[in-house]
1. Mind checking which residues of segment 34-54 are among the aromatic types (Phe, Trp, Tyr) and open to solvent by less than 50 Å² (accessible area, probe 1.4 Å)?
2. Name the residue that is nearest to the chain's Cα centre (by Cα), counting only residues in segment 43-79 that are of a type in the set (D, E, K, R) and over 24 Å from residue 126 (Cα atoms).
3. I'm trying to understand the selection: among the residues of segment 37-73, which are farther than 19 Å from residue 8 by Cβ, of a type in the set (A, V, I, L, M) and in contact with a helix residue (DSSP H, G or I) (Cβ under 8 Å, 6 or more places away or on another chain)?
4. Could you list, in sequence order, the residues of segment 144-157 that are open to solvent by 40 Å² or more (accessible area, probe 1.4 Å) and either more than 19 Å from residue 73 (Cα to Cα) or without any contact (Cβ under 8 Å) to a residue 12 or more places away in the chain (or both)?
Amino acid sequence: MTETAIIQGCLENNPLAQEALYRRYSAKMMGVSYRYAGNSADAEDILQESFIKVFAQMRQYSGKGSLEGWIRTIVVHTGINYLKKHQHVRGWMEVIPMAKALAQPEEVAGAVGNREIIESIRSLPAGYRTVLNLYAIEGYSHREIGQLLDIEESTSRSQYMRAKMMLEKKLLEKNLLSPELH
């Protein structure tokens with residue numbers, strides 16, 4: 001099925017088109033869900049809830065930009081809302097002044113395999129992990145993150161810096177980050 005046919009079928013609530021859409025994007029979106037979840041069951045819940053929203057909101061997809069990007073936005077927002085509902089995001093957000101930062105993400109990605117990075121990021125406290133994902137991976141600005149999480153822009157910046165420091169420490173402890181990168 002072409003993407004256009006899948007979209008049209010989803011607009012008509014065609015189960016075959018919905019299944020085709022799910023099969024095409026669920027693996028990638030599970031990766032996005034997993035970054036916000038505390039475990040596999042939560043990631044699956046986020047993914048399921050996201051696709052329910054995708055099917056319900058398909059009429060809102062304007063065709064401008066990629067369908068995958070539109071779905072990703074829904075998954076990210078669903079993940080954030082899931083965290084707010086189940087883990088009380090505000091309780092994670094403490095403001096800690098930062099003195100140093102991790103090497104640029106490209107340097108880290110080149111130095112460490114994806115599995116180790118994901119594992120290390122997932123071990124961060126949920127608030128730090130959320131801000132790191134939104135800023136470094138999803139490309140949101142600190143102002144946008146503040147609006148999404150109902151926190152100050154400065155808190156987002158602080159959380160990001162703290163997350164980078166914690167991630168650097170974890171990667172160094174596991175000998176996964178070259179000392180010359182920090």
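1. Taking segment 34-54 as the starting set, the residues that turn out to be among the aromatic types (Phe, Trp, Tyr) are 34, 36, 51.
Answer for segment 34-54, where residues must be among the aromatic types (Phe, Trp, Tyr) and open to solvent by less than 50 Å² (accessible area, probe 1.4 Å): 36, 51.
2. Our first condition is that a residue be of a type in the set (D, E, K, R); within segment 43-79, this holds for 44-45, 49, 53, 59, 64, 68, 72.
From the residues that got through so far, the ones that are over 24 Å from residue 126 (Cα atoms) too are 59, 64, 68.
On the way: 59: 24, 64: 22, 68: 14 Å.
Here the answer is 68.
3. Within segment 37-73, 37, 43, 46, 47 meet the criteria.
4. Our first condition is that a residue be open to solvent by 40 Å² or more (accessible area, probe 1.4 Å); within segment 144-157, this holds for 144, 147, 150, 152-154, 157.
144, 147, 152, 153, 154, 157 - these are the residues of segment 144-157 that are open to solvent by 40 Å² or more (accessible area, probe 1.4 Å) and either more than 19 Å from residue 73 (Cα to Cα) or without any contact (Cβ under 8 Å) to a residue 12 or more places away in the chain (or both).
Conditions (1) in a helix (DSSP H, G or I); (2) within 20 Å of residue 45 (Cα to Cα); (3) modelled with pLDDT under 75, marked per residue:
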| position | (1), (2), (3) |
| --- | --- |
| 62 | no, no, no |
| 73 | yes, yes, no |
| 81 | yes, yes, no |
| 84 | yes, yes, no |
| 110 | yes, no, yes |
| 120 | yes, no, no |
| 134 | yes, yes, no |
| 144 | yes, no, no |
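The values are calculated or read from the model by the stated rules, or taken from the named source; none is laboratory data. What you see is a predicted model, and the numbers here were worked out from it, not measured in a lab. Positions of Cβ are generated from backbone atoms using ideal geometry, with glycine treated the same way; all protein chains shown enter the neighbour counts. The protein model used for the area step is the full one, side chains on, heavy atoms only, and it has no ligands, DNA or RNA in it. Shrake-Rupley method; radii C 1.70, N 1.55, O 1.52, S 1.80 Å.
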